[in-house]
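No value in this document is a laboratory result; all are computed from the given coordinates. No experiment lies behind these values; they were computed from the predicted model shown. Every residue, glycine as well, gets a Cβ built from its backbone with ideal geometry; the counts of neighbours run over all protein chains shown.
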Amino acid sequence: MPKFEEELDFALELEEPRMFKVLLHNDDYTSMDFVVDILMRIFHKTKAQAEQIMLQIHKKNKAVCGVYTFEIAQTKAEQVKQLAKENEFPLLATIEEDA
């Protein structure tokens, strides 16, 4: 059997995945304690970080909770929606592309 050596003359180009911010939005009904709990459970923030983000949401009407690939951001926003619904809160989580 003859031996063949073939050299491939192309470079494999990998692109960084697009990243997306998950934002929580302020409302008049969701308790601050629930928001802190969501930030700790879903976004793995410390209590101090969660309280700081919760205050940003309260004062600025929204805040970034984390930046992730699309699928992870979408999953986290869906988890927020589900837990909020189970606890009868209208807490809104959205995602937008990180610049």
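Values computed for the structure shown
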{"item": "Qualifying positions in segment 50-71 - touching a residue at least 40 places away in the same chain (Cβ under 8 Å) and buried (at least 16 other Cβ atoms within 10 Å of the Cβ)", "result": "A63, C65, G66, Y68"}
{"item": "Considering residues of segment 24-42 that are assigned to a loop (DSSP other than H, G, I, E, B) and surrounded by fewer than 19 Cβ atoms within 10 Å (Cβ to Cβ) only, the residue nearest to the chain's Cα centre (by Cα)", "result": "N26"}
{"item": "Residues satisfying the stated conditions in segment 73-98, i.e. β-branched (V, I, T) and crowded, with 16+ Cβ neighbours inside 10 Å", "result": "V80, I95"}
{"item": "Where L14 falls short, out of the listed (1) more than 17 Å from the chain's Cα centre (by Cα); (2) touching a residue at least 24 places away in the same chain (Cβ under 8 Å)", "result": "(2)"}
{"item": "Those residues of segment 51-99 which are more than 13 Å from D27 (Cβ to Cβ), over 14 Å from the mean Cα position of the chain (by Cα) and either assigned to a helix (DSSP H, G or I) or hydroxyl-bearing (S, T, Y) (or both), in sequence order", "result": "E51, Q52, L55, Q56, K59, K60, Q82, L83, K85, E86"}
{"item": "Scan of segment 34-69 for residues that are out of contact with any strand residue (DSSP E or B) (no Cβ under 7 Å at 6 or more places or on another chain) and at positive phi, ordered by number", "result": "H44"}
